[in-house]
Structures are given as structure tokens and as C-alpha cells.
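The values are calculated or read from the model by the stated rules, or taken from the named source; none is laboratory data. In this text, all values refer to a predicted model and were calculated from it rather than measured experimentally. All Cβ positions, glycine included, derive from the backbone under ideal geometry; neighbour counts span all protein chains shown. With ligands, DNA and RNA removed, areas are computed over all heavy atoms of the protein, side chains included. Shrake-Rupley method; radii C 1.70, N 1.55, O 1.52, S 1.80 Å.
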Amino acid sequence: RALTDTTQATVPGVETAPAGWCDTGSVTAQGWANPAVGRLTSPFGPRVHPVTGVIGTHTGDDIANRCGTPLRAAAAGIVLRAAPGPYQGRTGNQIIIDHGGGITTRYGHALTGTMTVRPGDLVTAGQPVGAMGGDPDLDPIGAGSSTGCHLHFEVNIQGTAVNPSAYLLAQGVVLGTD
């Protein structure tokens with residue numbers, strides 16, 4: 001859904017949304033889409049980890065919603081990883097997409113059995129790639145280090161994590177909005 005130039009959207013750390021921002025499934029003029037609908041529960045930056053209690057840098061934004069909520073490719077690219085299992089560690093099942101120019105996105109806590117892509121697949125912006133997981137009671141193998149259903153979404157530039165909400169906003173997307 002497109003908004004008018006006068007519409008303002010609130011995102012922690014960001015003052016306003018640009019005209020023409022998009023919701024999940026829509027693609028902006030810059031070629032980006034919202035990876036998941038939900039509520040921002042843990043933003044990028046310093047935090048106390050909710051499971052371990054350790055203070056550290058949260059390298060992504062957590063978007064919470066019901067397990068099974070669709071996950072979509074944030075932009076066109078090539079799937080580098082679509083890997084299940086506990087060996088993924090903190091984010092459990094995850095998908096990593098290379099968008100070229102040194103930009104990758106990572107989708108953590110994908111629900112076991114829902115990943116619809118494999119390494120080497122070409123994806124388009126807004127294409128479904130899996131479903132939200134993260135509930136250790138529902139999906140103990142795929143949840144990783146998590147307390148409930150959510151997407152851990154990262155944007156990395158040249159291997160360095162950047163604020164996903166700010167990055168997507170510059171691409172015309174307000175992360176998590178429906």
C-alpha cells in the first residue's frame with residue numbers, strides 16, 4: 001500500500017517514513033520489500049540478551065508475530081544459505097541472501113520445514129522464502145536462542161551489520177509494518 005507524502009510513520013531511531021513506503025509483498029521503486037509483518041521487539045544495537053543475560057550488540061532487528069507468519073526476500077538476490085538445525089546457533093534456522101554490491105540480508109529463526117529456497121536459488125523482492133519461527137517449545141531444533149516467535153532480520157554491508165530499520169527506510173520500506 002502506498003502512502004501520501006504527508007503520512008508519517010514511527011520507527012525507533014527514525015523520524016519519518018519517505019513517501020511511497022511499502023508493506024510486505026509490495027516492492028519500492030528502489031527494489032526493496034518488507035521481509036515480515038509484525039512488531040519491532042528488539043532493535044539493532046546494545047542490549048541484554050533475553051536468554052543468556054549477556055550484554056552485547058544485537059546485530060539485527062527482531063520483528064515479532066505469530067509463528068508461521070510469512071518471511072519474504074527484502075530484495076532480489078541469490079540465496080547463499082538456507083540451513084536448518086541447531087548448528088546455526090543463536091538464530092537457529094536461517095536464510096542468507098546476497099543482493100550484490102557487498103549487501104546481504106539474514107533471516108533468523110525460520111520455522112523448521114518452511115524454507116522454500118535453497119542455496120543458489122535466485123529470488124525476487126517480496127518473494128516468500130519461509131515462515132517465522134523462534135518458539136523453542138514449538139520448534140526446539142530450529143528456534144535457536146530465542147524466547148518466542150519472531151524474525152531476526154539483519155542487513156550486512158561488506159560483512160558488517162548495519163541498522164536494518166534505517167537501511168530499509170532509505171530504500172522506502174518501514175520494517176515490520178503491515
Qualifying strands (runs of 3 or more DSSP E) (wholly inside the range 62-178; at least 3 residues being within 18 Å of Ser26 (Cβ to Cβ)): 70-72
Residue list for the range 82-103, restricted to those being open to solvent by 30 Å² or more (accessible area, probe 1.4 Å) and under 16 Å from Leu151 (Cα atoms): Pro84, Gly89, Arg90, Ile96
Criterion violated by Pro119 - all others in (1) in contact with a Lys or Arg (Cβ under 7 Å, 6 or more places away or on another chain); (2) open to solvent by less than 10 Å² (accessible area, probe 1.4 Å) satisfied: (2)
So Ser165, is it more than 17 Å from Asn34 (Cα to Cα), open to solvent by less than 20 Å² (accessible area, probe 1.4 Å) and in contact with a Gly (Cβ under 8 Å, 6 or more places away or on another chain): no
Some residue of the range 100-108 being touching a Pro at 6+ places or on another chain (Cβ under 7 Å) and aliphatic (A, V, I, L, M): no
Qualifying position, being touching a helix residue (DSSP H, G or I) at 6+ places or on another chain (Cβ under 6 Å) and farther than 15 Å from Val37 by Cα, among Gly144, Gly148, Gly120: Gly144
Selection status of Ile78, farther than 17 Å from Gln171 by Cβ, open to solvent by 20 Å² or more (accessible area, probe 1.4 Å) and touching a Phe, Trp or Tyr at 6+ places or on another chain (Cβ under 9 Å): no
Residues that are modelled with pLDDT of 90 or more and either buried (at least 20 other Cβ atoms within 10 Å of the Cβ) or out of contact with any strand residue (DSSP E or B) (no Cβ under 8 Å at 6 or more places or on another chain) (or both), drawn from the range 38-59: Gly38
Residues satisfying the stated conditions in the range 126-147, i.e. open to solvent by 20 Å² or more (accessible area, probe 1.4 Å) and over 20 Å from Ala76 (Cβ atoms): Asp135, Pro136, Asp137, Leu138, Pro140, Ile141, Gly144, Ser145, Thr147
Every residue from the range 142-178 that is farther than 29 Å from Gly53 by Cβ and modelled with pLDDT of 90 or more: Ile157, Gln158, Leu168, Leu169, Ala170, Gln171, Gly172, Val173, Val174
Which numbered condition Gly108 fails, given (1) modelled with pLDDT of 95 or more; (2) within 12 Å of the chain's Cα centre (by Cα): (1)
Sole exception among (1) open to solvent by 60 Å² or more (accessible area, probe 1.4 Å); (2) modelled with pLDDT of 90 or more; (3) more than 17 Å from the chain's Cα centre (by Cα) for Val27, by number: (3)
